[in-house]
Amino acid sequence: MTAWRPITGTITRLDPDLTSEQDIQRVFASEYIIGRGSTNALNPAQFDFEVAVAGRKLRVATLDESHEIIKGRSLENLAGYVHEQLRKVEVSLNGTVLHGPLDIGAVDIDDDVIDDGVFTPDVLDEDVASPEEKDAQPAGAALSAGKDENGTRADDARDDSERANSPQAGSERVDIPAIPQGRGFALAEIATSEIPVLATAQHQSIGAVKVGDVRLLLADHVPYVESWMVAEPPYTLLFVRSEQEGRPLLVVRRMGREKRWDWSGERPPFAWLALPDTPAQARDFARDELGAGGMARAAVADVLDAAFATVREALLVPASQALPALVSALGLPSQVASVVMGEAGIETVPEVRIFQPQGAATTFTEALAWEVAGEGRVHSGLAGIYRSLYLERPWLTSIVAAIQASVGGAVLMSGMKKSLGGSRSPWKIVAGTVLVANAISRIATTQYMASAMQRFVGDVSADEMPGATAAHPGRSAVPAEAA
């Protein structure tokens, strides 16, 4: 099955009298390209559109003669085709920008204008003067004519400087707007061992609930998942309710790509998709893979156990109903909406565990405890072996450490004694010291980890799910029932 993803682009009509929106619609219809698009409400000369692409070469979804959805033109080829078919337009698509023509036309100059002295022969022949004539000009003549020492016009230099400082200069990268301040929740493929680090880095309490393969994060402020101390998760869904305007914003980051949805609606399908003879496959594709459908695909992906159609419907409700609709569509507890609205505390969410900001040493200990508990980046099977050998059978560790210390002590004493030749054995001294130190460190490490597990995690047996929320007072991760 082909995996499609939406890509947005713009077509700027530099001369609306030469190119209309109907002309743009006809270009897409001529190639049977499936997409959505409409004129920008804030800039009537700009046509915003959205198409679906797939494959390494980013080919656009197209309807073929047999009414099948196929991979058609590449994005670069599509941009060139649209630019050729339309008159005086600028096409921007996935970083490819094709600017409009620079032809500004021409005007006739009457003889009367020349006779009045506006255009004299000296002015008309200024740019074609011979090198000898230019060298013969007095110093400062170029500057008085609006040029610098290098003969560059001051207006041209200023224009070049403005273009260099423009956001469009060089690459066509546009800065992503900042996420507004407010309350919200996040779903992320993040290990439990990383949450104490996030709480300490953000200086706020973070509630966490295990939801399938992801973690639900709640906080008094936006629970950002990114931090210089934590690697960026492969999947993040962030919902924010702005403090000032109260408007919702959904941000989905998937494998380095980001998509946003603000409940302002989706663009209408291309005009040819609304024709009576258009196959239903094309209309269904535009509904499911573009607009709200494309956002729902990215939100659910293969991570969340949620119905795609239900999430899509939640993205099309009025902005005032966005929060409860999305919480319900994602299968989250209803208390999550109350927490985001500020009507309830984080501890009211079922099975939540609250992580408090702490000092660096305590945070490191807690993160290590969750790693050993199998809720970290270390494979849970390896963590289970460590718990089985060292934590669940401390008597066995003590016996092995005692035997090792005894052997190491004997080897050390043997090396310290002078042999018949009258010298000590350096290798015995080193080997004995290492054996004794290793035995002592094993006992100390086992006791340290057992204490950390008991304080932050609780008892994790072999038949218990890692990270179970058993109530243990005094630890920083507090279950809801103990809060």
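Taking the criterion of being over 19 Å from residue 87 (Cβ atoms) and in contact (Cβ under 8 Å) with a residue 40 or more places away in the chain, the residues of region 14-54 that qualify are 32, 33, 34, 35, 36, 38, 48, 50, 51, 52, 53, 54.
The selection criterion, being modelled with pLDDT of 70 or more and either over 36 Å from the mean Cα position of the chain (by Cα) or part of a helix (DSSP H, G or I) (or both), does not hold for residue 385.
If we keep just the residues of region 256-283 that are open to solvent by less than 50 Å² (accessible area, probe 1.4 Å) and touching a helix residue (DSSP H, G or I) at 6+ places or on another chain (Cβ under 7 Å), which is nearest to residue 301 (Cα to Cα)? Residue satisfying both the conditions and the ranking: 261. Apart from one condition, residue 310 fits all of (1) closer than 30 Å to residue 62 by Cβ; (2) β-branched (Val, Ile, Thr); (3) in contact (Cβ under 8 Å) with a residue 40 or more places away in the chain; the exception is (3).
The values are calculated or read from the model by the stated rules, or taken from the named source; none is laboratory data. What you are looking at is a predicted structure, and each value in this text was computed from that prediction instead of being measured. Cβ coordinates were reconstructed from backbone atoms using ideal geometry, including for glycine residues, and neighbour counts include every protein chain displayed. Side chains included, ligands, DNA and RNA excluded: accessible areas come from the protein's heavy atoms. Shrake-Rupley method; radii C 1.70, N 1.55, O 1.52, S 1.80 Å.
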